[in-house]
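The values are calculated or read from the model by the stated rules, or taken from the named source; none is laboratory data. Just so it is clear, the model here is predicted, and its values are computed rather than measured. Here Cβ is always computed from backbone atoms with ideal geometry, including for glycine, and neighbour counts include all displayed protein chains. These accessible areas exclude ligands, DNA and RNA; they are computed on the full protein's heavy atoms, side chains included. Shrake-Rupley method; radii C 1.70, N 1.55, O 1.52, S 1.80 Å.
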Amino acid sequence: GAGVSQSPSNKVTEKGKDVELRCDPISGHTALYWYRQSLGQGLEFLIYFQGNSAPDKSGLPSDRFSAERTGGSVSTLTIQRTQQEDSAVYLCASSRSGFQETQYFGPGTRLLVL
Amino acid sequence: AQSVAQPEDQVNVAEGNPLTVKCTYSVSGNPYLFWYVQYPNRGLQFLLKYITGDNLVKGSYGFEAEFNKSQTSFHLKKPSALVSDSALYFCAVRALSLGGSYIPTFGRGTSLIVHP
């Protein structure tokens, strides 16, 4: 079956612009995670969606970051007024249910803010 | 505090030799431990996990890991390294987010370089 897909694969934007990153999880997976991977750093947790529950937004670094998940499937991560420090690879992962399940990662979106 | 540590940024090993990538953790309650691998320009792929049961866990591509409760470690091992094993390896553990959810929390990663 299809894996997790993300789009775009690469995004170059100018400082101050807004960007939207998309994640299509594996069908039937109730859990969806966004992470940020910066050069030389590990994976930084951003946000977690589980079914119809309110998302856990505790990892979002600022109020410029937001995410939504429509219909329990596709998710969009939005970064407003981008800054150069937002440059990173943004990874999406889904799993059948919660933390004990294997996560399946998308290929990531590489964001460069000029 | 709940955390996971990978003490080595890089591990170098000759092809055919055994390899070990280290991971230690600090959690309250039962640990749920994972290893993922990231090949260049690709997303992370699951290797293996420990939830309960046998301390020795076998995973993909000939990798295995041993859960050691007394040493709070979950080191990744392979008896004979291949050049194609060269990649970035991440250990993850269940941790409690600031929002109160249990989520996988990842170490900083260890770059494994296997020399021909």
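Three principal axis extents describe the C-alpha atoms of the stretch B:3-115; from largest down they are 43, 31, 22 Å.
The tail of the calculated P(r) for the protein assembly as shown, taken as Cα-Cα distances beyond 33 Å, holds 16 percent of the pairs.
The HN-Hα couplings worked out from phi for the stretch B:23-29 by the Karplus form 6.51 cos²θ - 1.76 cosθ + 1.60 (θ = phi - 60°) are 8, 10, 9, 9, 9, 9, x Hz, whole numbers, x standing for Gly and Pro. Projection of the Cα convex hull of chain A, averaged over all directions and equal to a quarter of that hull's surface, yields 6.7 nm². Annotation: amide H of A:Ser87 within the under-5 Å range of A:Val113, sequence separation 5 or more or interchain, hydrogens built in the peptide plane.
Working note: Karplus 6.51/-1.76/1.60 with θ = phi - 60° gives the stretch A:80-93 the couplings 9, 6, 4, 10, 4, 6, 7, 4, 4, 9, 9, 10, 10, 9 Hz, where Gly and Pro are set to x. When a 1.4 Å probe is rolled over the protein heavy atoms, the share of accessible surface on the protein assembly as shown that falls to carbon and sulfur comes to 48 percent. For the stretch B:3-115, the relative contact order works out to 37 percent when only alpha carbon pairs closer than 8 Å and six or more residues apart are counted.
If R0 is 41 Å, what FRET efficiency do you get for A:Glu20 and B:Ser26 from their C-beta distance, rounded to 0.05?
On the way: r = 37 Å, r/R0 = 0.89.
Rounded to the nearest 0.05, the efficiency is 0.65.
Taking amide hydrogens as placed 1.01 Å from N in the peptide plane, the amide H of B:Phe67 sits under 5 Å from those of B:Leu56, B:Val57, each at least 5 positions away in sequence or on another chain.
So, for the protein assembly as shown, what is the accessible surface per residue at a probe of 1.4 Å, expressed in square angstrom? Working shown, then result.
Details: 10970 Å² over 230 residues.
Per-residue accessible area for the protein assembly as shown comes out at 48 Å².
Close amide-amide hydrogen proximity is noted between B:Ala87 and B:Leu112, each under 5 Å apart and 5 or more residues distant or on a separate chain (H modeled in the peptide plane; Pro and chain starts excluded).
Note the buried accessible area between B and A here, summed over both chains, with a 1.4 Å probe, in Å² to the nearest 100. Present the calculation step by step, with values, prior to reporting the outcome.
Numbers: alone 6460 and 6300 Å², together 10970 Å².
Using a 1.4 Å probe, the pair buries roughly 1800 Å².
For the stretch B:103-116, the Karplus equation 6.51 cos²θ - 1.76 cosθ + 1.60, evaluated at θ = phi - 60°, returns couplings of 9, x, 10, 9, x, 6, x, 10, 7, 9, 10, 9, 8, x Hz by residue, with Gly and Pro reported as x.
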